[in-house]
1. Taking 0.36 nm per intervening residue step and subtracting the Cα-Cα distance, what contour gain separates Asn307 from Val40 on full extension?
2. With an 8 Å Cα cut-off and a minimum separation of 6 or more residues, compute the relative contact order for the chain in percent.
3. Counting other beta carbons within 10 Å of each residue's own, what order do His63, His178, His319, His245 fall into, fewest first?
4. Between Phe347 and Asp220, how many nm apart are label points set 7 Å from Cα along the C-beta direction?
5. Decide, for region 3-61, between rounded, prolate and oblate: order the square roots of the alpha carbon gyration tensor eigenvalues as a ≥ b ≥ c, take rounded if a/c falls under 1.5, and otherwise choose prolate if a/b is larger than b/c, else oblate.
6. Compute the length gained on full extension between Ala340 and Lys283: take 0.36 nm times their separation in residues and subtract their Cα-Cα distance, giving the result in nm to one decimal.
7. Would you compute, from DSSP H runs of 4+ residues alone, the mean residue ellipticity of the chain at 222 nm, taking -39500 (n - 2.57) per run and dividing by the full residue count, rounded to the nearest 500?
8. At a Cα cut-off below 17 Å, give the aspartates and glutamates reachable from Lys74, other chains included and same-chain residues fewer than 8 away excluded.
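All of the numbers you see were taken from the coordinates with simple rules; none came from a lab. Computed from a predicted structure; not experimentally measured. Neighbour counts run over all protein chains shown; Cβ positions are idealised from the backbone, glycine included.
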Amino acid sequence: MEKNFYQFRLPELESYFQEIGEKKFRATQLFKWVYGRGIVDFQKMTDISKTLRERLPQMLSFHLPPMQRRFQSKDGTRKYLFDVGDGYSVESVLIPSKDRLTLCVSSEVGCNLACRFCLTGTQKLKKKLDMASILGQYVAVSKELRLEGKKITNIVFMGMGEPLDNEENVFRAIEILHNPLGFNLSRKKITVSTAGLVPKIPLVTKAGVRLAVSLNGTTDEIRSYLMPINKKWSLMELLAACKKHAEEARDKVTFEYVLIKGLTDSLRDADRLYDITKDIPCKINIIPFNEHPGAPELRRPSEEQINAFQQRLIKKGVHVLRRRTMGDDIFAACGQLTSAQQREKIF
Ligand code: SAH
């Protein structure tokens, strides 16, 4: 049976070639053709012998999840729908900014963490994406951008799912994204965002990529209400893990903080947010809540309240940015992603 090229890391492909009686350096040659030059037609791989070129199509395929639809927002954001098999789909979002083109990728269909404010979490975990389905989001969007003379500059694992709940596939995909014989992206351009799976945070440190943490509450009481995972690992444990990461990686942690009216948006919250993060090298991204039918009881605060919250932190010298709401006209903003199946049910 043929195997999917996009499921292999380089040493694994080397072993595979040895298993089928070929030289292991063929793996490097293939990596260079596919990831380096974007060529998946064996006949064009001129440094591979003719006999092997004839044999390879029976050994390896190049299957990536097909792009089913694309949506274009008036602010330049794009959203893509990918068929990831078994009748399931995921969404990825391309976000332009002044000097960046960031791709927000999904790692799971549905999610078991059930954060109250997140649309993805209204659907239980249905499928953990394999390496090819994660890479496929990057490959398909890169291809489209190449025609426009553009390139993805940053990748964030902030789409559907909890990346540290599917850590094996996520870090395998990251290895290919980073590998100089793969897509050759700097580790500092790759960010893994977690809702707080504390014991797995060291994996992010080890992979050398950037860490983002969805904080969203400044006391255990409110955070546990919004994010049930907090009952397993408390704020104190989470913050300690973040501090450790920042020190070992010598890198700032990004704290994401969703502003929800009456729940997380008071000036007391701002003060507490400062207090609990002040000893950690970090920056804070405040994200005004994006409303959706999965959580009708939650509301976005007023502009005045959002500004007051941000100003309070700025005055204390915190490095705080407000994340612009992008792509909400195509339901591509933070917390608005879901599978096509779930969208049909809930909207
Ligand atoms: N599971 C990962 C990645 C997905 S969520 C994590 O929790 O970090 C990506 C970000 O979107 C998180 O920071 C989350 O707090 C935020 N988010 C989720 N729902 C939102 C909503 N409705 N409005 C604004 N931000 C939201």
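1. Numbers: separation 267, 0.36 × 267 = 96.12 nm, distance 5.03 nm.
This chain segment gains 91.1 nm when fully extended.
2. Over the chain, the number comes to 16 percent.
3. Fewest-to-most Cβ neighbours within 10 Å comes out as His319, His63, His178, His245.
4. 4.0 nm
5. rounded
6. Working: separation 57, 0.36 × 57 = 20.52 nm, distance 3.37 nm.
Result for the pair: 17.1 nm of gain on full extension.
7. The per-residue figure over the chain is -10000 deg cm²/dmol.
8. Of all the aspartates and glutamates, those that pass the test against Lys74 - Cα under 17 Å, at least 8 places apart if same chain - are Asp328, Asp329.
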